[in-house]
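**Q** Quick one: this structure, given as structure tokens, is what I'll be asking you about.
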Amino acid sequence: MSNTNAQPSDSKKRYSFNKLQKRLRRNVGKAIADFNMIEADDHVMVCLSGGKDSYTMLDILMFLRNIAPIDFKITAVNLDQKQPGFPEHVLPRYLDSVGVDYLIVEEDTYSIVTDKIPEGKTTCSLCSRLRRGILYRTAKEIGATKIALGHHRDDMLETLFLNMFHGGKLKSMPPKLVSDNGEHMVIRPLAYCTEHDIQRYSDAVEFPIIPCNLCGSQENLQRKNIKLMLQDWNKRFPGRIESMFKGMQNVVPSHLADNDLFDFKTITTDTSFAGEGDRAFDPPELKPQSISADDEPQIISLN
């Protein structure tokens with residue numbers, strides 16, 4: 001009688017890991033190609049927090065740099081914000097082991113945040129603004145042409161719903177943007193990667209994770225609620241998350257209600273609508289979704 005509780009063999013584990021790694025690499029390569037994130041002779045500053053997302057991003061970008069038909073430089077940058085208990089040795093030890101250029105920037109933003117934010121309140125907003133300013137300054141100092149952040153597909157969807165539910169805006173995290181001062185290009189190479197895949201990959205590779213709660217701040221409650229909502233939908237309605245993300249890439253301004261985005265006031269019976277046409281009374285087209293987490297996108301390499 002076979003043992004149904006037997007652990008997967010090493011060969012099956014290796015096959016599963018290779019498939020996961022291949023999918024993540026393809027997704028990052030596709031995002032880079034789709035949005036022209038990295039070009040020849042770019043200097044990419046990879047922001048490394050010590051969490052699963054930024055470790056995975058750095059790992060994949062280093063691999064793609066080695067096989068890409070173009071040359072680009074990578075510098076990993078970590079901001080040591082002097083949080084109590086921050087293990088200062090972890091990141092340098094890891095970065096030395098993988099052989100990547102890196103810079104540890106030391107700035108005591110922790111003291112500033114704890115001085116300005118009342119005890120018990122979330123410090124994430126102020127901390128984020130301070131961190132962003134320091135990273136922009138650092139990018140300028142080292143001559144980086146791109147700043148890579150580790151936000152993934154689920155972060156983008158969560159932000160979309162946060163803005164709709166609490167900000168009254170149809171807005172998310174773009175895969176590529178220019179900073180407000182026009183000096184920096186920010187990219188999100190993990191835009192097509194799921195948090196589930198990133199977590200599995202991080203667990204398998206055993207990155208030396210540094211917890212993000214060293215400052216004692218509580219996770220943003222509203223974002224946490226959105227995350228739980230999306231996780232529930234994903235369990236009960238397989239394929240819904242993929243469909244929603246696809247919707248972010250297929251926007252029809254003439255079928256929304258933004259007068260600044262589409263000039264509704266001047267349309268006449270002679271106005272033509274490209275793509276959608278007259279479907280005002282048609283029900284939405286609902287296609288059955290059956291998308292596996294193991295589905296792999298087409299390879300699109302850097303060019």
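**Q** Give the residues of the stretch 123-148 that are loosely packed, with under 15 Cβ neighbours inside 10 Å and either part of a loop (DSSP other than H, G, I, E, B) or modelled with pLDDT under 75 (or both), sorted by residue number.
**A** SER125, GLY143
**Q** If ILE209 passes every condition in (1) among the β-branched types (Val, Ile, Thr); (2) touching a residue at least 60 places away in the same chain (Cβ under 8 Å); (3) surrounded by 15 or more Cβ atoms within 10 Å (Cβ to Cβ) but one, which one does it miss?
**A** The single condition ILE209 does not satisfy is (3).
**Q** Looking for whichever is within 18 Å of the chain's Cα centre (by Cα), among the aromatic types (Phe, Trp, Tyr) and surrounded by fewer than 19 Cβ atoms within 10 Å (Cβ to Cβ) here; the options are PHE165, PHE161. Which one fits?
**A** Result of the check over PHE165, PHE161: PHE161.
**Q** I've got another one for you. Limited to the stretch 172-181, what total is found for residues that are assigned to a loop (DSSP other than H, G, I, E, B), within 15 Å of the chain's Cα centre (by Cα) and not polar (S, T, N, Q)?
**A** Looking only at that region, the number is 3.
**Q** Within the stretch 182-202, which residues are part of a helix (DSSP H, G or I) and buried (at least 23 other Cβ atoms within 10 Å of the Cβ)?
**A** The initial filter retains those residues of the stretch 182-202 that are part of a helix (DSSP H, G or I), namely 195-202.
Correct list: ILE198 only.
**Q** Another question, then. Hey, could you check the stretch 93-113 for residues that are surrounded by 11 or more Cβ atoms within 10 Å (Cβ to Cβ) and in a loop (DSSP other than H, G, I, E, B) and say which is modelled with the lowest pLDDT?
**A** Top of the filtered list is ASP108.
**Q** Just for the stretch 32-57: of the residues that are assigned to a loop (DSSP other than H, G, I, E, B) and of a type in the set (A, V, I, L, M), which one is surrounded by the most Cβ atoms within 10 Å (Cβ to Cβ)?
**A** LEU48
**Q** List pairs: first residue in the stretch 219-247 and within 15 Å of PHE161 (Cα to Cα), second residue among the basic types (Lys, Arg) and assigned to a loop (DSSP other than H, G, I, E, B) anywhere in the structure, Cβ distance under 9 angstrom, at least six positions apart or on different chains.
**A** Going by the 9 Å Cβ cut-off, the qualifying pairs are SER243/LYS287.
**Q** Here's a follow-up. Would you confirm, using the coordinates I've provided, whether MET173 is under 26 Å from GLN83 (Cβ atoms), surrounded by 14 or more Cβ atoms within 10 Å (Cβ to Cβ) and without any contact (Cβ under 8 Å) to a residue 40 or more places away in the chain?
**A** Criteria met by MET173.
The values are calculated or read from the model by the stated rules, or taken from the named source; none is laboratory data. Note that the structure is predicted; figures quoted are calculated from it, not measured. Reconstructed Cβ throughout: ideal geometry from the backbone, glycine too, with neighbour counts over all protein chains shown.
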